[in-house]
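To keep things clear, I will list the structure first and then write my remarks on it.
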Amino acid sequence: MKSVLHLDLDSFFVSCERLLDSKLNNRPVLIGGTSDRGVVASCSYEARAFGVHSAMPMKMARQLCPHAVVIRGNSGTYSKFSDIVTDVIKSNSPRFEKSSIDEFYIDTTGMDRFYGTYKWSKELRTQIMKESGLPISFGLSTGKTTAKIGTGEAKPNNFIKIDEGEEKSFLAPLPVRKMPMIGAKTNQKLHLMGIQKIQTIQEMPVELMTRVLGKNGHSIWKKAQGIDNTPITSYHEKKSISIERTFEKDTTDINKLRSILTAMAENLSYQLRNGNKLSGCVSVRVRYSDFITESKQLHIPYTSLDNKLIETVISLFNTLYSRRVLVRLIGVRFSKLVGGNHQINLFDDSEELINLYQALDNIRNRFGQDAVKRVVAMGSKGIGRSSNPFNGQPIVIPAHRRA
Amino acid sequence: MKFLVSSSSLLKQLQNISGVLNGNNSLPILDHFLFEISENQIQVTASDLETTMVTKITVDCKEEGIIAIPAKLLLDTLKSLPDQPLTFTIDTEKKSIEIKSDYGKYKLPGQEGAEFPKTPEVESPAVLAVAGELLYNAIDKTIFASGNDDLRPVMSGVFFQLSKEDLTFVATDAHKLVKYRRTDAKASKTASFIMPKKPLNLLKNILNSSDEEVKIEFNETNASFAFEDTLLICRLIDGKYPNYEAVIPKENPNKLTIERMSLLSSIKRVSIFSSKTTHQVRLKMSGSELQISAEDVDFDNEAKERLKCSFNGEDMEIGFNSRFLIEMLSNLNTEEVNIEMSAPNRAGILTPATGNEDNEQVLMLVMPVMLNS
């Protein structure tokens with residue numbers, strides 16, 4: 001029988017901040033964007049008591065809990081703490097998946113006979129807490145879904161074991177919202193059908209679920225039965241890289257938009273070259289203030305050169321931006337990624353240009369990616385990420401933003 | 001109207017020109033061969049409007065006439081018949097063709113011959129005669145390097161550069177370039193034109209089996225190639241060929257000499273492990289050793305080989321698309337090749353090391369990929 005351990009760091013960002021500053025202990029703490037458009041990325045259990053939850057607009061959270069300490073957060077710091085935990089897990093477990101900055105799945109199948117999986121898990125948890133100083137919870141079960149739901153139930157700073165055969169009865173009394181895959185939309189749909197508890201799904205015929213929710217319905221039904229054969233994947237292959245930015249104030253300043261797009265394309269190109277990748281498809285996304293979102297993409301010959309990519313991004317934007325409406329968000333995405341380096345063109349690419357890019361990349365490698373920039377992109381600060389996106393790790397969502 | 005012809009000799013001539021026919025023509029008449037029958041001779045024409053090929057066949061015939069015969073139907077019939085005399089009976093009024101063989105009769109519907117597009121004339125041409133062997137080699141050595149980019153039509157052909165001293169043929173797709181120069185043929189004056197790929201491939205196929213002299217006539221817009229009883233006329237690619245001489249590096253201090261076959265087979269093996277999209281391999285030269293390596297990080301593939309070579313210059317590492325190297329090395333036929341390089345971001349130049357005939361010069365250039373230092 002399969003055995004899966006799910007570990008989740010409790011209110012991770014808050015825990016990290018508390019390690020750095022003990023004054024935050026036992027106080028409500030909010031971490032997230034501090035501007036009007038910011039959302040709560042993480043909040044302490046003290047703040048949750050006031051009805052605050054993550055992904056809530058910061059403005060609302062402040063109204064609910066005016067005496068809370070608000071921190072903008074620093075994703076670099078959190079990545080470092082996350083790496084400490086990853087290292088402990090890496091050195092102890094046979095196969096693990098880091099599914100986000102604060103969540104891990106470990107495949108513990110077949111270990112029971114030799115170590116006692118439950119005992120081993122408890123020891124691992126103690127070791128993580130000792131080495132990182134961060135509180136962590138785990139759920140141990142036979143599949144990813146049950147383990148994850150288990151962790152959610154065990155929290156904070158606790159653990160749970162759901163034995164084989166008990167998955168169904170464990171899940172039955174829980175509200176459907178607790179299941180991964182069921183978001184606000186599906187939740188509403190199920191509620192309209194009169195489904196509140198997972199038990200109802202368990203007792204429903206699978207055909208009905210498929211008819212209402214399509215393919216997902218089938219897999220939700222299976223997971224509700226406690227059956228989840230999703231394997232532990234230890235490597236996340238990057239299919240695309242992207243940057244997007246929501247403005248604090250909607251804008252129609254075309255020059256500013258172009259400058260930001262240029263900065264985004266420049267930064268992404270650097271990431272491509274740094275990761276020895278080429279992109280064959282560029283897309284640009286614009287969200288207007290009325291939330292209408294449009295995007296446009298173009299296939300191009302594989303390249304990683306700034307000038308080609310920036311040119312494509314700007315020309316896509318020029319055809320895309322047609323409504324004279326305020327812009328709320330813009331973003332750039334490079335997809336169709338392949339491993340390799342730019343094939344130099346005999347007539348289009350001058351040797352000087354290639355040498356220039358290499359020199360610029362060397363400066364960035366040494367002094368950071370903001371060390372040198374195009375003048376047009378100069379005004380757009382804080383675009384880009386700090387780590388290599390091609391290391392097989394899940395994306396780190398910056399603390400002051402939420403995807 | 002009636003004529004008598006040998007099935008195999010008709011088939012042979014038709015196959016020579018049938019390459020012109022396109023799969024999907026805008027004009028239905030272009031799916032036909034035009035038969036122009038005169039006393040004891042037939043002239044057959046095939047065309048796709050860009051390229052036209054004409055061939056002549058001697059037959060036993062008394063009358064004159066003109067008709068278009070469905071090409072595929074006729075070719076398929078001829079291919080399935082053993083060699084024998086065939087009798088063609090043509091009714092120009094009803095546009096019907098009847099073929100009589102030893103086995104029976106076949107009826108084909110024809111088309112009005114006058115509807116067939118006129119064969120273009122090359123007006124006030126410059127004339128040049130070259131050996132069939134020379135033209136064949138010139139096409140064979142260069143055509144693989146020409147491009148397929150619709151946005152840059154000039155690069156989709158081969159550049160013919162004629163002068164009083166020599167003939168030069170150049171093809172490039174902006175990533176690789178081949179320059180083939182012959183000093184044993186000359187033109188009366190300096191001239192140049194860009195030939196499209198399709199007629200060159202047709203020429204190459206026919207010239208392979210012929211060593212007759214080819215008469216080339218050309219002007220600003222068209223060129224014709226005549227030899228034996230075949231004539232090919234095509235429209236030239238309009239535009240200015242890029243200044244290729246300017247991009248061939250002159251100073252290449254790092255010179256590698258290596259056995260061609262062992263390099264070729266080594267690259268072929270190593271490239272199996274390279275990325276399936278970029279086919280990238282790395283060459284690393286140090287001392288008298290060449291190291292060839294490739295990797296595909298997505299699948300964790302990796303290969304590395306070492307070869308003995310003679311290398312003069314500073315140690316260097318350079319990346320290439322292995323497809324280009326394989327094409328070029330396969331196209332050369334000497335025992336050893338020279339690869340001249342200057343910097344990792346500059347072109348590499350391949351030339352035959354030995355046995356390059358005095359009157360023949362081949363230069364192949366390949367652009368590297370931009371490696372991270």
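The values are calculated or read from the model by the stated rules, or taken from the named source; none is laboratory data. None of the values given here were measured: they were computed from a predicted structure. Glycine gets a Cβ as well: all are built from the backbone with ideal geometry, and neighbour counts include every protein chain shown. Please note that ligands, DNA and RNA were not included when accessible areas were found on the heavy atoms of the full protein model with its side chains. Shrake-Rupley method; radii C 1.70, N 1.55, O 1.52, S 1.80 Å.
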(request) Quick one: in the stretch B:255-289, of everything that is without any contact (Cβ under 8 Å) to a residue 60 or more places away in the chain and touching a helix residue (DSSP H, G or I) at 6+ places or on another chain (Cβ under 8 Å), which residue is farthest from the other protein chains (Cβ to nearest Cβ)? (result) B:LYS268
(request) Might you let me know whether the stretch A:179-189 holds any residue that is among the aliphatic types (A, V, I, L, M), in a helix (DSSP H, G or I) and surrounded by 14 or more Cβ atoms within 10 Å (Cβ to Cβ)? (result) no
(message) I'd like the full set of residues that are surrounded by fewer than 19 Cβ atoms within 10 Å (Cβ to Cβ) and away from chain B (no Cβ under 14 Å), limited to the stretch A:299-321.
(response) A:GLU311, A:ILE314, A:SER315, A:ASN318, A:THR319, A:LEU320
(message) Please go through the stretch A:240-270 and give me each residue that is within 14 Å of another protein chain (Cβ to nearest Cβ) and either acidic (Asp, Glu) or open to solvent by less than 10 Å² (accessible area, probe 1.4 Å) (or both), ordered by number.
(response) A:SER269
(message) If a residue must be touching a strand residue (DSSP E or B) at 6+ places or on another chain (Cβ under 6 Å) and assigned to a helix (DSSP H, G or I), how many such residues does the stretch B:95-133 contain?
(response) 2
(message) Give me the strands (runs of 3 or more DSSP E) completely within the stretch B:172-237, filtered to those with at least 1 residues that are more than 14 Å from every other protein chain (Cβ to nearest Cβ) and over 19 Å from B:ASP48 (Cα atoms), ordered by residue number.
(response) B:176-182, B:191-196, B:213-218, B:222-227
(request) Starting from the stretch B:297-322, keep only residues that are within 19 Å of B:MET367 (Cα to Cα) and more than 10 Å from chain A (Cβ to nearest Cβ), then list their pairs with residues that are assigned to a strand (DSSP E or B) and β-branched (Val, Ile, Thr) whose Cβ atoms are within a distance under 8 Å, requiring at least 6 positions of separation or different chains. (result) B:SER322/B:VAL281
(request) Mind listing whichever residues of the stretch A:1-37 are more than 19 Å from A:TYR78 (Cα to Cα) and either buried (at least 24 other Cβ atoms within 10 Å of the Cβ) or among the β-branched types (Val, Ile, Thr) (or both)? (result) A:VAL4, A:LEU5, A:HIS6
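Test of understanding: among A:ASN307, A:ASN267, which residue is in a helix (DSSP H, G or I), of a type in the set (S, T, N, Q) and closer than 17 Å to A:GLU244 by Cα?
Numbers: A:ASN307 fails: closer than 17 Å to A:GLU244 by Cα.
Residue meeting the stated conditions: A:ASN267.
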(request) Report, by residue number, each residue of the stretch B:238-254 that is surrounded by fewer than 17 Cβ atoms within 10 Å (Cβ to Cβ) and either within 14 Å of chain A (Cβ to nearest Cβ) or not in a loop (DSSP other than H, G, I, E, B) (or both). (result) B:GLY239, B:LYS240, B:ASN243, B:GLU245, B:ALA246, B:ILE248, B:PRO249, B:LYS250, B:GLU251
(request) Test each condition in (1) part of a loop (DSSP other than H, G, I, E, B); (2) surrounded by 20 or more Cβ atoms within 10 Å (Cβ to Cβ) for B:LEU325 and report the one that comes out false. (result) (1)
(request) Just give me the residues in the stretch A:322-366 being farther than 20 Å from B:LEU151 by Cβ, facing chain B (nearest Cβ under 9 Å) and open to solvent by less than 20 Å² (accessible area, probe 1.4 Å), in sequence order. (result) A:VAL338, A:GLY339, A:GLY340, A:ASN341, A:ILE354, A:TYR357, A:ASP361
